[in-house]
1. How much length is gained if the chain between residue 7 and residue 40 is pulled fully straight, taking 0.36 nm per residue apart and subtracting their Cα-Cα distance, in nm to one decimal?
2. Express in nm, to one decimal, how much length is gained between residue 68 and residue 50 on full extension, taking 0.36 nm for each residue of separation and deducting their alpha carbon distance.
3. List, largest first, the extents of the alpha carbons of the stretch 29-80 along their principal axes, each in whole Å.
4. Show 78, 61 ordered by accessible area, largest first, where the area counts protein heavy atoms only and the probe is 1.4 Å.
5. What part of the accessible area of the chain, given as a whole %, is carbon or sulfur when the probe is 1.4 angstrom?
6. So what's the angle, to the nearest 10 degrees on a 0 to 90 scale, between helix 17-28 and the longest Cα principal axis of the chain?
7. Give the accessible surface of the chain per residue, rounded to a whole number of Å², with probe radius 1.4 Å and ligands, DNA and RNA excluded.
Amino acid sequence: MMNVAARTALIVGGDGQIGRAVARDLLEHGWRVRLARRSASPPPPDLVGRVETLQLDRDQTGALATVLNGGADVVIDTIA
């Protein structure tokens with residue numbers, strides 16, 4: 001199995017069912033999860049304190065680059 005210690009995933013579209021499911025799975029496998037979402041509201045209760053939440057509006061020029069400045073080993077886009 002691949003060593004995922006200190007690996008960080010940035011999930012774009014973390015408000016949806018798919019984004020939340022991916023976040024939960026990654027957390028179970030030891031990943032650090034950064035959840036980029038349009039909403040500024042807290043994440044679902046089971047993810048509070050377990051993920052870093054970031055507000056992201058992909059329609060804003062440079063917004064994704066700003067979010068990526070925080071680092072990520074992988075970016076997962078779950079926006080349909």
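The values are calculated or read from the model by the stated rules, or taken from the named source; none is laboratory data. Every value quoted in this text rests on a predicted model; they were computed, and no experiment measured them. Heads up: the accessible areas ignore ligands, DNA and RNA and are worked out on the full protein's heavy atoms, side chains in. Shrake-Rupley method; radii C 1.70, N 1.55, O 1.52, S 1.80 Å.
1. Value of the extension gain: 9.4 nm.
2. On the way: separation 18, 0.36 × 18 = 6.48 nm, distance 1.89 nm.
Value of the extension gain: 4.6 nm.
3. On the principal axes, the stretch 29-80 reaches 31, 25, 22 Å in Cα extent.
4. On the way: 78 25, 61 145 Å².
The ordering from most to least exposed comes out as 61, 78.
5. 52 percent
6. 40 degrees
7. Ligands and nucleic acids excluded, the figure is 62 Å² per residue.
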